[in-house]
Amino acid sequence: MKILSWLRLVAVSCLALILGGAGFAAFAADGVIKVGGLFGTTGPQANFGVPYSEGLKLAASEINAKGGVKVGDRTYTISVVLADTKSDPAQAIAEAQRMAADGVRIFFCCNLSAEAVPVLNAALPQGAIMVSPNAAVTKLLGTPGKDLLFKAGNIEVGDDGSTAMWVPFVLEKAKPKTAAIMVPSDEAGQIYADAYRQTLEAKGVKVVAVERYDHGATDFSPQLTKIRERKPDVLFAGYSDEVRGIFRQAGELGVDAMYAGTVGVSGAAGEGLPAFAYPAWTRFLDKGQSDRRVLAYMAALEKSAGKLTPNSFWSITQYDWLNMIISGMQKAGTTTDLGAVAKVLKGQRYAGLVDWSVDDKGLGRQSMEGVYLAGGQVKEVRSIKLPGH
């Protein structure tokens, strides 16, 4: 079965390479800039995929409603093509191949590292820009052949990483001496575990337990029983709303700690908890928000998507980045020389709904907001600025 899956992956990758080149000739030739969105919009990763897709659609619709975008002496409209990857690498590559054949050269992808890296290898050799929020692509930034790859969102590690930015907010609330960490058993989970351990220990908090779980698991009692025995003051769990079940079971098992989500977790994971803190990866999109620009975005997104959810803040990542790329095209004076567009994007700061700083390798760091809830009510929303901004 694994061999068949591998052969399928190779086959669709080859089709992408063969068919993509012919399709790319159509990119923007008819006055339409084609943008592809490859996200898992059904299944366990839908809490990311749905808002990512909605952000792309809203950005494109607003640009088109203004009559399009003028690049050089020509005006273009934006067409967003979306596909549900179903969290399947072969499905993701097949959809990327189809989009490439249709002339898409700007790809937003993907929820999971198992999808992002295969799609990256299938799409980028053909001269396409790829923007991914996935942590696994970080190590590929700036490597040979990956000049058009961008990471949309801060990395976890380092003094300027999102973990170092976010954790002090939780420490202020919990004032812990000890902490436990629970993350998935995958590459991204290891990145989170290492980053949180490093940051917490640097702040004088002893990490007494690090536990892992498999995506899709529903019984977390073995790991939580071990954590309960270590008596942490705060439990960090991530990196998606799958942790809702972890926090619920932790309460049932008597894990007496403050619960906090990592980046990737929304307010939905804290429903019913006496106290909960999480980082809104971009901006907090709910009651308690006072920024007029964000309130206008919330109204527009609700009208476009039909509703706002606790994880709608993910939409801003794709919304800002599509606007950033279009702005880059205007500055570069081209819609077809994506290498020139990439050079404009790198090394710049961009003031969208959040503040972005893109380094020379293509890593885009952003400001975010810390949210603290008690008794089911939002008690504080705090801006967390980028270091140096």
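Checked against the criterion of being surrounded by 20 or more Cβ atoms within 10 Å (Cβ to Cβ), within 24 Å of F313 (Cα to Cα) and modelled with pLDDT under 95, the candidates A90, A94, A116 yield just one match: A116.
Only one of K303, K287 is more than 21 Å from the chain's Cα centre (by Cα), surrounded by fewer than 18 Cβ atoms within 10 Å (Cβ to Cβ) and outside the structural domain of C110 (by TED's automatic domain parsing). Can you tell me which? Break it down stepwise before answering.
On the way: K303 fails: outside the structural domain of C110 (by TED's automatic domain parsing).
Unique residue meeting the criteria: K287.
On inspection, F247 qualifies as more than 21 Å from the chain's Cα centre (by Cα), surrounded by 24 or more Cβ atoms within 10 Å (Cβ to Cβ) and modelled with pLDDT of 95 or more.
Going through (1) closer than 21 Å to T317 by Cβ; (2) of a type outside the set (K, R); (3) free of Cβ contacts under 8 Å to residues at least 60 places away in the same chain one by one, G251 falls short only on (1).
Anything in the stretch 213-246 that is free of Cβ contacts under 8 Å to residues at least 24 places away in the same chain and in contact with an Asp or Glu (Cβ under 6 Å, 6 or more places away or on another chain)? List them, or say none. Correct list: empty.
Of the residues examined, T199 is not one that is in contact with a helix residue (DSSP H, G or I) (Cβ under 7 Å, 6 or more places away or on another chain) and surrounded by fewer than 16 Cβ atoms within 10 Å (Cβ to Cβ).
Here's the yes/no breakdown for (1) part of a loop (DSSP other than H, G, I, E, B); (2) among the hydrophobic types (A, V, I, L, M, F, W, C):
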position: T41; (1), (2): yes, no
position: V50; (1), (2): no, yes
position: E54; (1), (2): no, no
position: I63; (1), (2): no, yes
position: S79; (1), (2): no, no
position: A83; (1), (2): no, yes
position: A92; (1), (2): no, yes
position: A96; (1), (2): no, yes
position: V104; (1), (2): yes, yes
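Given the structure, is I181 closer than 23 Å to G153 by Cβ, over 19 Å from the mean Cα position of the chain (by Cα), in contact (Cβ under 8 Å) with a residue 40 or more places away in the chain and buried (at least 18 other Cβ atoms within 10 Å of the Cβ)?
On the way: closer than 23 Å to G153 by Cβ: yes; over 19 Å from the mean Cα position of the chain (by Cα): yes; in contact (Cβ under 8 Å) with a residue 40 or more places away in the chain: yes; buried (at least 18 other Cβ atoms within 10 Å of the Cβ): yes.
Criteria met by I181.
Taking the stretch 221-244 as the range and being at pLDDT below 95 and of a type in the set (S, T, N, Q) as the test, only S240 passes. One residue stands out in the stretch 353-389 among those that are hydroxyl-bearing (S, T, Y) and over 29 Å from K146 (Cα atoms): the one that is nearest to the chain's Cα centre (by Cα), namely S383.
The values are calculated or read from the model by the stated rules, or taken from the named source; none is laboratory data. The structure presented is a predicted model; accordingly, all values stated were derived computationally and were not measured. We place every Cβ from the backbone using ideal geometry, glycine too, and count neighbours over all the protein chains shown.
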